[in-house]
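The values are calculated or read from the model by the stated rules, or taken from the named source; none is laboratory data. Since we're looking at a predicted model, the values are computed, not measured. Reconstructed Cβ throughout: ideal geometry from the backbone, glycine too, with neighbour counts over all protein chains shown. Note: accessible area is taken over every heavy atom of the protein model, side chains too, but ligands, DNA and RNA are not part of it. Shrake-Rupley method; radii C 1.70, N 1.55, O 1.52, S 1.80 Å.
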Amino acid sequence: MTEQYYLSSSPHMHSGATTDKVMRDVIYALLPACLTAVWFFGLAALTTLLLCVASCLVAEAACLKLQGRAQTPLADGSAVLTGLLLALNLPAAAPWWLAVLGGGVAIVIGKQVYGGLGYNLFNPALVARVVLLISFPIQMTSWTAPLSSASGVDAVTMATPLGEWKTAVMLTGKLPAVQSADYLNYLTGNMAGCLGEVSAVAVLIGAAYLFWRRIITWHIPLTFVVTVAVLTGIFWLVDPTRYPDPLLHLLTGGLLLGAFFMATDMVTSPVSSTGMIIFGFGCGLITVLIRLFGGYPEGVSFAILLMNAATPLIDRYTPPRKFGAVGEGGR
Amino acid sequence: MKIKRFSGGLHPPEHKSTAARAIEQCSLPDELVIPLAQHIGAPAEPCVVIGDTVAKGQLIAQPRGFVSVPIHASSSGVVTAVEPRLHPMGRPLLAIVIKPDGRDAWPDGLEGGMNPLLVNPLTLPPSRLRDMVCNAGVVGLGGATFPTHVKLSPPGGKKIDTLILNGVECEPYLTADHRLMLEETGRVLAGIDILRRILGVERVCIGIEENKPDAIAVMRDACVRRDIEVIALKVMYPQGAEKQLILAVTGRQTPSGGLPMDVGVVVQNVGTAAAVADAIIHGRPLVERIATITGPALVEPKNLRIRIGTSLRHLVAECGGLREEVVKVIMGGPMMGQTQLSLDVPAIRGTSGLLLLGKNAVATRSEGPCIRCARCVSVCPARLLPTTISAYARRDMIAEAERFNALDCIECGCCAYSCPARIPLVQSIRQVKGAILAKRRLS
């Protein structure tokens with residue numbers, strides 16, 4: 001026998017999909033949100049984005065080195081993605097060390113201690129965000145107004161719409177007045193908030209790309225958003241003076257960013273469609289509970305992290321119904 | 001009628017470049033190596049010895065048991081060896097080697113392989129027809145090679161009401177069934193009439209994927225007055241898998257661990273129907289089949305009518321040889337076919353195609369960690385959790401893999417095909433299935 005052929009078991013074809021292509025697609029989808037953040041918050045936003053990405057890459061490289069692993073996983077794009085997501089979860093005025101620390105926490109505590117890509121239980125960017133929020137509450141909630149409304153003056157502070165609402169209700173028992181023009185600002189991103197949570201339009205453009213590329217399915221984001229809309233809608237109908245309308249809830253805070261980009265993180269969400277629906281519903285429910293009754297004005301991060309913790313349990317109890325699991329006669 | 005489609009599945013690039021290539025007769029090779037194991041079930045038992053002169057179609061091995069069929073010489077010549085030869089399964093297995101005399105002569109009374117039955121076959125009793133199918137060595141030609149007479153003998157309690165002809169051919173590259181339906185429509189239909197008679201069913205359907213509109217048109221025309229439905233199916237791999245096909249055509253779901261007959265259905269490949277027609281109408285045993293010889297490494301891909309026992313090397317030569325170095329030789333289609341150690345392996349009854357891939361077509365990318373993207377879950381037609389089963393399988397956690405229904409895997413390969421981390425999902429599930437079955441046999 002002269003020739004030597006490759007032996008392998010079928011299939012002998014592959015779709016061509018790779019992990020780094022998946023990561024790259026999510027990164028592309030985040031670009032509109034990054035660009036609008038830079039548009040509204042200027043150089044500060046750009047610096048935060050770059051610092052977060054750089055610190056994530058450095059932390060990833062250091063961890064791989066320490067573990068004696070090859071540096072090739074660095075190229076899979078997952079560290080860059082974590083960096084971008086983290087930056088989009090920070091306020092524009094975040095000091096440089098907050099961004100750098102966040103990147104380190106995300107990669108080391110959020111990802112590598114579990115074994116690296118694919119093994120982490122929690123979304124690394126959210127782990128970092130929550131660690132920072134608890135450790136540095138002042139820096140994490142110092143919101144700057146977007147450049148356009150600051151009329152050239154740097155670092156004008158301003159509350160986020162949800163923060164404003166929460167404070168007003170606590171102090172006066174009543175909602176502040178919301179102008180219809182405000183909704184337009186919420187939609188475009190002309191408001192105070194984290195870099196990525198301000199522009200609903202930018203997030204939705206990115207989300208449309210993810211759907212088009214089939215990176216995400218409707219299950220998690222839709223159930224998440226619908227749950228929030230329905231539950232807040234019920235409260236709003238009961239007492240519109242105390243509870244803001246669902247539209248405000250949908251457009252402000254990290255809801256859309258969370259629903260389309262953070263809750264849909266593949267590694268930390270369930271694999272079956274039933275599981276995803278339960279996951280999305282849980283995220284929505286916890287978000288509403290925290291927003292309406294908790295101490296924080298915003299609850300998306302906590303909601304997603306809590307549901308991340310429930311993912312293994314959800315996966316265990318929601319396997320798909322196998323083909324042929326039917327009664328007599330096959331009907 | 002609303003056609004139900006199975007869930008999951010995918011649509012790999014079709015590569016059906018031979019779809020317009022008419023079937024050609026493959027030349028006679030210098031040697032025919034006819035393995036005794038070429039159907040699911042017990043291998044046949046040789047009834048010739050070295051030095052015997054055989055005619056084309058002469059019985060050379062007898063069935064052993066019910067799930068077994070006889071084997072016939074695929075050309076006339078002299079038996080030169082009865083010895084283990086490399087089998088497509090990847091190891092040497094007993095085979096009968098015939099040196100053809102070049103005359104390709106059928107035995108007396110079967111001139112040109114034709115011995116017209118003097119009575120209308122549809123007046124013969126089903127049991128007689130079934131015996132004739134068995135004696136002709138007919139097995140499922142879709143690739144699984146299950147003896148056809150067994151499928152046509154449902155146990156007393158099972159009422160069969162539907163016969164489905166499988167003309168789906170969902171594997172990329174393969175076009176043999178497509179050409180058969182186009183060029184030899186009469187053979188297929190004659191076979192269907194006989195199958196219908198044997199099973200005594202009212203409803204007969206032919207399922208064909210929509211990417212073969214010409215075959216659908218030809219079959220529809222031919223079926224107009226025969227009360228046979230030709231059903232165009234969505235192009236979706238693995239639409240040709242038996243249980244998926246039954247669901248799409250009838251809306252019935254074959255129970256897990258059950259057989260099509262449990263939902264009143266028998267499925268036969270269109271090639272099998274043609275072989276049944278030959279067996280009954282002409283008394284001609286199964287000594288040849290149509291296969292697609294293809295792949296980017298081949299000079300001139302073709303659809304060939306090949307004698308069972310022809311070496312793959314001969315088939316390659318018949319297609320003008322190779323244009324580039326071959327790194328992978330696959331018997332069957334790219335999704336479920338088996339890689340071959342050598343081109344000296346013979347084509348057997350289950351050889352629906354031969355695919356030769358060069359360096360460019362063979363993906364070599366190292367495996368990464370699972371990112372739980374759930375693509376394997378959404379494409380799985382058996383609705384399993386491939387990533388979970390595979391993870392257990394690779395840790396030798398056999399009981400857990402079994403609990404997640406590893407045995408329901410149909411090994412279509414959709415999961416491994418779509419995995420971005422390049423995890424060999426179906427490969428490890430296939431292994432654990434073997435381990436589960438071995439464990440069951442022990443206990």
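Computed values, structure above
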quantity	calculated
Efficiency of FRET between A:Tyr114 and A:Arg316 - r from beta-carbon atoms, R0 30 angstrom, step 0.05	0.95
Value at 222 nm in deg cm²/dmol, rounded to 500, when DSSP H runs of n ≥ 4 in chain B each add -39,500 (n - 2.57)	-7500 deg cm²/dmol
Accessible area in square angstrom per residue, segment A:1-149, 1.4 angstrom probe	42
Lys, Arg +1 and Asp, Glu -1 on Cβ, resulting dipole of segment B:1-102 about Cα centre, debye, nearest 20	760
Helix axis angle, A:96-108 relative to chain A longest principal axis, alpha carbon, degrees	30
Under-5 Å amide H pairs with B:His72, H placed in peptide plane, nonlocal only	B:Ile60
P(r) weight above 19 Å for segment A:135-270, C-alpha pairs, percent	57
Unsatisfied cross-links (Cα-Cα over 29 Å) in the set B:Lys56/B:Lys234; A:Lys322/B:Lys159; A:Lys21/A:Lys65; B:Lys243/B:Lys433; B:Lys56/B:Lys151	B:Lys56/B:Lys234
Segment B:290-377 shape via C-alpha gyration tensor axes, a/c threshold 1.5	prolate
Distant-in-sequence amide H partners of B:Glu45 (H built 1.01 Å from N, under 5 Å)	B:Gln62, B:Arg64
Separation of the B:Val119 and B:Asp396 label points, Cα + 7 Å toward Cβ, nm	6.2
Segment B:9-120, accessible area per residue, ligands and nucleic acids excluded (1.4 Å, Å²)	47
Spacing of the two label points (7 Å from each Cα toward its C-beta) at B:Leu442 and A:Arg24, in nm	4.7
Candidate lysines - alpha carbon under 23 Å from B:Lys328, same-chain residues fewer than 8 apart omitted	B:Lys16, B:Lys302, B:Lys359
GNM result for chain A, Cα springs below 10 Å: residue of A:Glu197, A:Glu164, A:Glu60 fluctuating most strongly	A:Glu164
At R0 = 30 Å, FRET efficiency that the Cβ-Cβ distance of B:Ala20 and B:Asp131 yields, to 0.05	0.15
Chain A: most fluctuating residue of A:Ile138, A:Ile205, A:Ile277 per GNM, C-alpha cutoff 10 Å	A:Ile138
Pairwise burial A:B, computed as accessible area of each alone minus the pair, summed, 1.4 Å, Å²	4600
Added length on full extension, which subtracts the Cα-Cα distance from 0.36 nm per residue, B:Arg365 to B:Thr80	98.1 nm
Per residue, the convex hull volume that the Cα atoms of chain B enclose (Å³)	145
Theoretical FRET efficiency, 1/(1+(r/R0)^6), r = Cβ-Cβ of A:Met170 and A:Thr72, R0 56 Å, to 0.05	0.65
Two-decimal Rg to Rh for segment B:44-101 - Kirkwood Rh, Cα set	0.98
Residues in segment A:1-34 that a label on B:Glu325 would reach, taking backbone N under 11 Å of a point 7 Å out along Cα→Cβ	A:4
Share of carbon and sulfur in the accessible heavy-atom surface of the protein assembly as shown [1.4 Å probe, %]	61
Residues along segment B:309-344 losing 40 Å² or more of accessible surface when the other protein chains are present rather than the chain by itself (probe 1.4 Å)	B:Val327, B:Lys328, B:Pro334, B:Thr339, B:Leu341
Cα pair count fraction exceeding 45 Å, expressed as % - the protein assembly as shown	38
Å² per residue, accessible surface of segment A:192-331 at 1.4 Å	39
Degrees between helix A:273-293 axis and first principal axis of chain A (Cα, 0 to 90, nearest 10)	20
Mean Kyte hydropathy of -0.5 or more with a Cα span along the axis of at least 18 Å, helices from DSSP in chain B	B:185-199, B:425-442
Amide H contacts of A:Gly254 (H built 1.01 Å from N, under 5 Å, at least 5 apart or other chain)	A:Val300
Of B:Ile306, B:Ile330, B:Ile40, the one that fluctuates the most in a GNM where chain B has Cα springs shorter than 10 Å	B:Ile40
Minimum 20 Å² accessible area buried by the other protein chains, segment A:260-277 residues, probe 1.4 Å, relative to alone	A:Met266, A:Val267, A:Val271
Interface residues, segment B:249-273 - accessible area loss of 50 Å² or more versus chain alone, probe 1.4 Å	B:Gln253
Calculated on alpha-carbon atoms, Rg and Dmax of segment A:53-185 in Å	18.4, 58
Inter-site label distance for A:Val230 and B:Ser153 at 7 Å from Cα along Cβ, in nm	5.7
